[in-house]
Structures are given as C-alpha cells and as structure tokens.
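Okay, structure first, notes after.
The values are calculated or read from the model by the stated rules, or taken from the named source; none is laboratory data. All figures in this text were calculated on a predicted structure; none of them were measured in a lab. A quick note on method: Cβ atoms are made from the backbone with ideal geometry, for glycine too, and the neighbour counts reach across all protein chains shown. We work out accessible area using only protein heavy atoms, side chains counted, and drop any ligands, DNA or RNA first. Shrake-Rupley method; radii C 1.70, N 1.55, O 1.52, S 1.80 Å.
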Amino acid sequence: MAVNDKYITLNDGKIIPQLALGTWNNVDFENTINSVYEAIKIGYRHIDTAAIYKNEEEVGKGIKKAIDEGIVKREDLFVTTKLWGTQQRLSQQAIKQSLERLGLDYVDLYLIHWPVALKSRTIDPSDPKNYLCIPMKPDEPSVRDIDINWTFVDTYLTLQHLQKEGLTKSIGVSNFSINNLKELFKHPLFKVKPVVNQVEVHPLFPQDELIEFCNSENIVIEAYSPLGSTDSPILTNETLVSIAKKLNIDVAQVCISWGLKRGYVILPKSSKVDRIRRNFEDLVELSEEDFKAVSNLKQQYGEKRFVIPDFSPFKVFE
Ligand SMILES: NC(=O)C1=CN([C@@H]2O[C@H](COP(=O)(O)OP(=O)(O)OC[C@H]3O[C@@H](n4cnc5c(N)ncnc54)[C@H](OP(=O)(O)O)[C@@H]3O)[C@@H](O)[C@H]2O)C=CC1
C-alpha cells in the first residue's frame with residue numbers, strides 16, 4: 001500500500017483517509033475551488049475546512065466539479081467542517097448553513113473548532129462573507145467575547161443529535177486538552193465518544209502526552225499545521241533541510257512522512273497545485289534514523305506552538 005493511501009478506522013467504525021488537504025488561510029477564495037478540485041484529481045480523498053475559514057462555498061464548488069466530472073463519488077470523499085464559537089448554542093442551524101454552503105447533504109465529520117463558546121454578534125451587511133458575524137481572523141480582539149453561560153460540554157451534547165439526524169456521519173473535537181476531554185466524559189448525558197481530536201502537531205510540537213491520552217481513549221489525533229503553519233521556521237530547519245536533500249524531497253514532505261509514520265491523520269495545506277501534488281506523491285517511508293532525527297528536534301530547538309488565538313480569560317490548552 002502506498003504511503004499516501006492509508007485509512008484509519010475511527011471508534012464509531014467509519015474509516016478516514018490518513019492524509020487530507022487543509023484549506024485554512026487561502027486568501028484567494030477562487031483559488032480554493034481549483035486547489036480542492038486539483039487535489040481530488042491528484043488522489044486526495046479527505047478535505048478539511050471550517051465555517052470560520054469562510055471558504056465552504058469554494059471547497060464545495062471544487063468538490064462538485066470533481067464529482068460532476070466523474071473523478072470521484074461523494075461517498076468516496078471524506079469532508080470535515082467545524083463549528084465556530086459564535087454558533088455553539090446553534091449547532092443545528094450552523095451545520096445546516098455549512099451544508100448549504102458546501103452544497104452537500106451531509107459531512108463526514110463535524111468538529112467543535114475550539115472548546116470556547118463566544119457571544120454571537122451583529123451581521124455586517126457590507127461583508128458578503130460575514131455570515132457568522134465574526135471577523136476574518138480568529139485572533140482579532142472582537143472575538144474575545146466569551147459566552148460564560150454556555151460550555152463546550154453543552155455544545156457537544158447537541159452534536160450527538162446532529163449525528164443522529166444524519167447531518168454528519170461522525171462527531172469530534174478540536175483543540176481539546178486532556179482536561180477538556182475528561183470534563184466532557186464525566187457528563188451524565190455524554191454518550192458518543194469524539195472520533196478525533198484535531199490539534200496542532202509537528203516536529204517542534206509533537207504533543208506526545210495528548211497523543212498518548214487520546215490513543216488510550218481510542219480517539220484519533222488529527223495533526224493540524226503539520227508544517228508549522230504560514231511562514232514556518234520548520235521549513236528552513238537545517239536538520240530537516242539535510243534530510244530532505246538526502247531524500248530528494250521538500251522539507252514539507254519530510255514533515256508529512258514523519259506524521260504518517262507516527263500513525264495519525266495529517267492535514268497539510270497548500271494553495272499551490274505543484275506543492276499539493278508533491279505533498280501527496282513525494283512521500284516516503286522514513287528510515288528509523290531519519291525518523292529519530294525528526295523526533296529529536298524538540299529537544300534540540302525547544303517546543304514551539306504556532307496557533308495561539310487569544311480567547312482570554314478562557315485558558316485554552318489547559
Ligand atoms: N482546528 C484548528 O484549529 C486548525 C486547523 N487547521 C487545519 O490544518 C490545516 C493545515 O494547517 P496550516 O496552519 O494551514 O499550516 P501547514 O502546516 O499545513 O502549512 C501551510 C503553509 O506551508 C506552505 N507549504 C505547503 N506545502 C509546502 C511545500 N511543499 N513547500 C513549502 N511550503 C509549503 C503553505 O504555503 P502555500 O499555500 O503558499 O503553498 C502554507 O504557507 C489548515 O489548512 C486547516 O485545514 C489549521 C490550524 C488550526
């Protein structure tokens with residue numbers, strides 16, 4: 001089996017392609033249509049989006065084009081979207097809106113994006129993408145308006161119903177700490193375990209403890225920002241550059257190959273078709289020596305997390 005062609009079985013029995021296309025931060029929305037379409041043509045079967053990325057329409061158009069051209073069937077694709085904090089009280093409305101934007105009858109996976117409920121705000125009629133009543137960037141100060149009377153546990157209980165209604169095949173969480181998961185598990189109405197926890201994971205932030213906990217609970221880790229996100233210092237790291245040179249691939253593909261070997265789902269993003277192709281086709285089974293060298297980077301350079309939105313006073317990651 002090729003390195004890029006593996007599936008993982010989730011705790012609800014569904015299967016998930018291990019390698020996905022991430023779609024965050026592609027500021028050229030039209031380009032997203034083409035990126036998604038080309039990715040599916042290349043062989044990607046798993047697309048990751050979110051309401052806050054404001055690209056669900058374009059992701060949906062890319063998917064539709066590929067389906068219309070007979071490149072793929074809907075049932076062979078795995079599509080994930082996420083619930084933003086301003087809609088945590090309104091998850092049924094939110095998922096229906098996401099489905100409408102995506103042009104789909106169901107998503108394969110619906111995630112609580114962050115364990116933080118935010119107050120919703122007034123729609124800005126001048127912004128056609130402002131359907132969530134949220135600013136473009138999650139770290140803008142105006143999103144720090146925490147809804148203290150609603151918790152991620154309340155939200156998760158409503159997600160269990162969305163799955164029953166068939167709006168999503170599976171449900172999961174994102175950016176949940178071990179403490180967040182433990183808090184969720186102890187609620188008396190908690191019945192359906194999240195199938196995944198989507199969190200930041202890359203060579204400078206390997207998340208060993210969280211991965212071990214999630215493995216013990218049969219929750220699959222999905223590694224976001226696996227290349228260290230935008231303008232990543234990881235891509236110029238000298239150890240990684242020398243491994244990449246030796247293997248005649250990009251540093252990005254060393255990081256992806258390392259993540260695949262660690263056994264979780266991995267979501268690299270690119271808006272450039274040649275990179276999307278190389279991030280899928282130029283993957284390798286890393287030797288033990290190279291695998292260890294990448295795993296040791298954290299000791300050498302120290303831990304570094306790149307995605308840190310300010311939801312204060314709520315303490316994420318604790
Ligand atoms: N649940 C959550 O809270 C979060 C989820 N995510 C998900 O994870 C996905 C991936 O994370 P993201 O933060 O986007 O970052 P990634 O770690 O995937 O890095 C993306 C960056 O790497 C560049 N890149 C991609 N491939 C290559 C290559 N072969 N050579 C050189 N540079 C390359 C991209 O540039 P270019 O586009 O120009 O190619 C982009 O700047 C997101 O798109 C999203 O789907 C991300 C963050 C938070």
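Just give me the residues in segment 30-58 being near the ligand (Cβ under 10 Å from one of its atoms), part of a helix (DSSP H, G or I) and either free of Cβ contacts under 8 Å to residues at least 24 places away in the same chain or of a type in the set (Val, Ile, Thr) (or both), in sequence order. Selection gives ILE52 alone.
Of all residues in segment 65-83, those being free of Cβ contacts under 8 Å to residues at least 40 places away in the same chain and within 18 Å of LEU109 (Cα to Cα) number 7.
Kindly evaluate VAL27 against the criterion of being hydrophobic (A, V, I, L, M, F, W, C), within 14 Å of the ligand (Cβ to nearest atom) and assigned to a helix (DSSP H, G or I). No; evaluated as a whole, the condition is false for this residue. Residues in segment 52-89 that are at pLDDT below 95, open to solvent by less than 20 Å² (accessible area, probe 1.4 Å) and over 19 Å from ASN31 (Cα atoms): TRP84, GLY85, THR86, GLN87, GLN88.
Selection within segment 102-126: residues that are away from the ligand (no atom under 16 Å from the Cβ) and at pLDDT below 95. The member of this set that is surrounded by the most Cβ atoms within 10 Å (Cβ to Cβ) is SER120. Just so you know, in segment 213-263 the residues that are assigned to a loop (DSSP other than H, G, I, E, B), over 30 Å from VAL192 (Cα atoms) and not polar (S, T, N, Q) include one that is most open to solvent (accessible area, probe 1.4 Å), and it is ASP231.
Selection of first residues in segment 208-227 that are in contact (Cβ under 8 Å) with a residue 40 or more places away in the chain and of second residues that are open to solvent by less than 20 Å² (accessible area, probe 1.4 Å) and more than 16 Å from the ligand (Cβ to nearest atom), restricted to Cβ pairs under 8 Å at least 6 apart or on distinct chains, gives the following pairs, ordered by first then second residue: VAL220/LEU10.
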